[in-house]
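The values are calculated or read from the model by the stated rules, or taken from the named source; none is laboratory data. Given the structure is predicted, the values throughout are model-derived calculations rather than measurements. Positions of Cβ are backbone-derived with ideal geometry, glycine not excepted, and every protein chain shown enters the neighbour counts. We work out accessible area using only protein heavy atoms, side chains counted, and drop any ligands, DNA or RNA first. Shrake-Rupley method; radii C 1.70, N 1.55, O 1.52, S 1.80 Å.
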Amino acid sequence: MKRYANDGWSEVVKNWARTLGPEGLAQLPASFRALMVREFVRLNPSASNFLSMAAECFKAGMLWPAYAAASTAHEMGDADAHLILREVLRPPPPQMATVEITTACNLRCPHCALQHTPEDFPTRQMMSLADFRRVWSAIGLPSTLVVVGQGETLLHPHWREIVAHARMNGARTALVDTNGSFPMDADALVESGLTRIIFSIDGVDQASYERYRVGGDFALALGNLRATVAAARRIGPSAPQIGWKFIMFRHLEHRRAEAAALAKDIGVHILFEPPTVKGARTPAEAAEWIPDDPRYHRGEFWARGRLYPAARRTYPHCTVPLTQVDVLVDGSVKFCCAASRSVSIGNAITAEDFIADCWHSDAAVELRRLALEDRRTAPACDGCSMAFAHHGSYLAGTPWADADEDPWSVPADERVSIVDLLRRYKT
């Protein structure tokens, strides 16, 4: 372990500790105390110091630094480090829950899983209010609810009661993403208890909008967005935040300025996002949707009949499994929206004890460990554009290695880059 040379800063940290004394240090906020210990350890690395850092970070709820420090102490020969590692891999109940309350939708978007993998959705389901209450209680009353899934959340007949129940039982924030292309009461929407409402509208007129939002009504969706922004203004500071999500498909690339002008006129922030073209079956189909601008390239290359996601971050560690959970309409539990529906750590509706049977199960602990060490080896991260493995075997060495064909062990000579794909197939 390389020793840092900045002994001057090390003395400053030591002097802080001497001046404050044990009682003074104990009175500091846990997070600040942990940061002091981290800085001291950075300058004075040793197994015992790393273990102290791990303990302070764990007490402060800083789980990833605690795991990293305990791993380092363990590698340096401290036998007690495994105790902290064990605790981090079995964290407190999740702080954030994404709950899919329906798979019913009024649109037929071609790259939505409802359309390109219909076998996963034999029926359009609705989670009952009773089941949601059971789920919410079982997962420990998280502080954040995200009601998003493959369906249109606001078509659920009891979505208001679901949001209200969560807000009255632990949730300080509640977020929803809607296509907005159906009659809605803007005043009721902003008064529902939601703290953030995102409208997904990709287009600037009916022709450009319906190419992807098949079956949608642009004027209705935009009118609902405008009415919701106006209703939020009437409420004032306590109103939910309203946003406009605009997926930048190829046919919309030259309409960006028009969309920005529309957003300015309405008075709403617009976020332009890269497209996911999972429904494309050929390179030509993929190129039909992917824009030229590399800022909106979510994919890395085309191979074996699919588009492989890009590594938007090179940082290999993912802390999502420490604090977040994703519950599907049937109660199946996974760690985040990018994880395959088939990689489940249990069922929040049927589990007798969610923490023991799901959150702290052997499968959850192993997936959590893989994601923390290197998410490119975690099967739960399949499809995440943040976790693309550039080389090697994606599932090698995991319990799921033989479950399916490894999608990541693609030889370089089989790959077609996005730039080349657009050059060959764009019209």
Quiz prompt | Filter pass, residue 124 being of a type in the set (D, E, K, R), modelled with pLDDT under 85, over 30 Å from residue 356 (Cβ atoms) and not in a strand (DSSP E or B) | solution = yes
Quiz prompt | residue 160 among the basic types (Lys, Arg) and not in a helix (DSSP H, G or I) | solution = no
Quiz item: Is there any pair linking a residue in the range 218-229 that is open to solvent by 40 Å² or more (accessible area, probe 1.4 Å) to one that is outside any helix (DSSP H, G or I), with Cβ under 8 Å and at least six apart or on different chains, and which?
Solution: 220/180; 220/181; 220/182; 220/183
Quiz item: Assuming residue 162 fulfils every condition listed in (1) farther than 20 Å from residue 324 by Cβ; (2) modelled with pLDDT of 95 or more apart from one, which condition is it?
Solution: (1)
Practice problem: Filter the range 198-233 for residues that are hydroxyl-bearing (Ser, Thr, Tyr) and more than 16 Å from residue 262 (Cβ to Cβ) and give the result. | Solution: 212
Quiz item: Mind checking which pairs have a first residue in the range 319-332 that is over 13 Å from residue 138 (Cα atoms) and a second that is surrounded by fewer than 24 Cβ atoms within 10 Å (Cβ to Cβ) and aromatic (Phe, Trp, Tyr), Cβ under 7 Å, 6 or more apart or different chains?
Solution: 319/64; 322/64
Self-check item: Selection from the range 137-160 of residues that are closer than 24 Å to residue 113 by Cβ and of a type in the set (S, T, N, Q)
Solution: 144, 150, 153
Quiz item: Inside the range 322-339, can you point out the residues that are over 13 Å from the mean Cα position of the chain (by Cα) and among the polar types (S, T, N, Q)?
Solution: 332
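Go over the candidates 107, 154, 141 one by one and state the one that is open to solvent by less than 30 Å² (accessible area, probe 1.4 Å) and in a loop (DSSP other than H, G, I, E, B).
Values: 154 fails: in a loop (DSSP other than H, G, I, E, B); 141 fails: open to solvent by less than 30 Å² (accessible area, probe 1.4 Å).
Step by step, each of 107, 154, 141 is checked, and only 107 is open to solvent by less than 30 Å² (accessible area, probe 1.4 Å) and in a loop (DSSP other than H, G, I, E, B).
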Quiz item: From the residues in the range 127-138 that are surrounded by fewer than 17 Cβ atoms within 10 Å (Cβ to Cβ) and not basic (Lys, Arg), which one is farthest from residue 108 (Cα to Cα)?
Solution: 137
Practice problem: Can you tell me which residue within the range 252-276, out of those that are farther than 12 Å from residue 202 by Cα and in contact with a Lys or Arg (Cβ under 8 Å, 6 or more places away or on another chain), is least open to solvent (accessible area, probe 1.4 Å)? | Solution: 266
Quiz prompt | Flag for residue 231 being at pLDDT 95 or above, among the aliphatic types (A, V, I, L, M) and either within 30 Å of residue 142 (Cα to Cα) or not in a helix (DSSP H, G or I) (or both) | solution = yes
